[in-house]
Amino acid sequence: QVQLVESGGGLVQPGGSLRLSCAVSGCIFSVGAMGWYRQAPGKQRELVAGITSGGDTNYADAVKGRFTISRDNAKNNMMYLQINSLKPEDTAVYYCNADVADYGLTSGNYWGQGTQVTVSS
């Protein structure tokens, strides 16, 4: 059973910073592409940033220059999202997503439960 667990969300003032973490656990053979998505109230879930197994990254235009995605394949397949210069419009539930192959070489796409980020003064 593969699980993704996010942490690091919270309430922060505009201009502040947060670091989100995502831990992938279970009977994992390999972790492929990973990404952070967010969903604000009344809006569709959107891709914020993605990272390949080789470390190539891509970002939504709205977060370029403020968000940084990274991963540590050696450390329990961790993924991070450093969020700087937070704006009220960044308020959303942030979800971790990953392509994972288990030891049976069955591949699947998995989601975490989400972590709330609220930007407010």
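The values are calculated or read from the model by the stated rules, or taken from the named source; none is laboratory data. It should be emphasised that the depicted structure is a prediction, and the values quoted were computed from it without experimental measurement. Cβ sites come from the backbone with ideal geometry, for glycine too, and all protein chains shown count toward neighbours. To get the accessible areas, we keep the full protein, side chains included, count just its heavy atoms, and leave off ligands, DNA and RNA. Shrake-Rupley method; radii C 1.70, N 1.55, O 1.52, S 1.80 Å.
The slack in the chain from LYS75 to LYS87, taken as 0.36 nm per residue of separation less the alpha-carbon distance, amounts to 1.3 nm.
Taking a straight Cα-Cα cut-off under 17 Å and skipping sequence neighbours fewer than 8 places away in the same chain, the aspartates and glutamates within cross-link reach of LYS87 are GLU46, ASP61.
log10 I(q)/I(0), Debye, Cα-only region 19-62, no solvent, q = 0.30, 0.32 Å⁻¹? Cα-only, vacuum Debye calculation for region 19-62: -1.16, -1.19. Local charge for THR91 was computed over the other residues whose Cβ lies under 11 Å away, with Lys and Arg +1 and Asp and Glu -1, and equals +1. Could you work out which residue, out of GLN13, GLN44, GLN82, moves most in a Gaussian network model of the chain, that is, has the largest mean-square fluctuation with Cα springs under 10 Å? The residue with the greatest mean-square fluctuation here is GLN44.
With r as the distance between the Cβ atoms of SER121 and SER30 and R0 = 41 Å, compute the FRET efficiency 1/(1 + (r/R0)^6) and round to 0.05. Efficiency, from the Cβ-Cβ distance: 0.40. Here region 77-111 is scanned for amide nitrogen atoms under 17 Å from the site 7 Å beyond the Cα of THR52 along Cα-to-Cβ, giving 98-100. Only aspartates and glutamates eight or more places from LYS43 in sequence, or on another chain, were considered; those with a Cα closer than 13 Å are GLU89, ASP90.
Expressed as a whole percent, the accessible area of the chain that falls on carbon and sulfur atoms is 47 (1.4 Å probe). When the residues SER21, SER121, SER30 are ordered by accessible surface, computed with a 1.4 Å probe over the protein chains alone, the sequence from largest down reads SER121, SER30, SER21.
Among the aspartates and glutamates, select those whose C-alpha is under 19 Å from the C-alpha of LYS75, and discard any that sit fewer than 8 residues away in the same chain. Straight-line reach from LYS75, under 19 Å: GLU6, ASP56, ASP99, ASP102. The residue list LEU18, ALA74, GLY32 was ranked by how far each Cα lies along the charge dipole of region 1-76 toward its positive end, using unit charges on Cβ atoms, and LEU18 comes out on top.
For the chain, the Cys residues with no second cysteine's beta carbon closer than 4.7 Å are CYS27.
DSSP finds beta bridges in the chain, and of those with both partners inside it, around 95 percent are antiparallel. In the full protein context, the chain carries 53 Å² of accessible surface per residue, based on a 1.4 Å probe and ignoring ligands, DNA and RNA.
What you get for the chain, charging only the Cβ of Lys and Arg (+1) and of Asp and Glu (-1), is a dipole of about 240 debye around the Cα centre. For region 82-111, applying the loop criterion from DSSP together with a ceiling of 11 other beta carbons within 10 Å to the chymotrypsin sites (Phe, Trp or Tyr not before Pro) yields TYR103. For the pair GLN39 and ALA60 in one chain, pulling the backbone fully straight at 0.36 nm per residue adds 6.2 nm over the alpha carbon distance.
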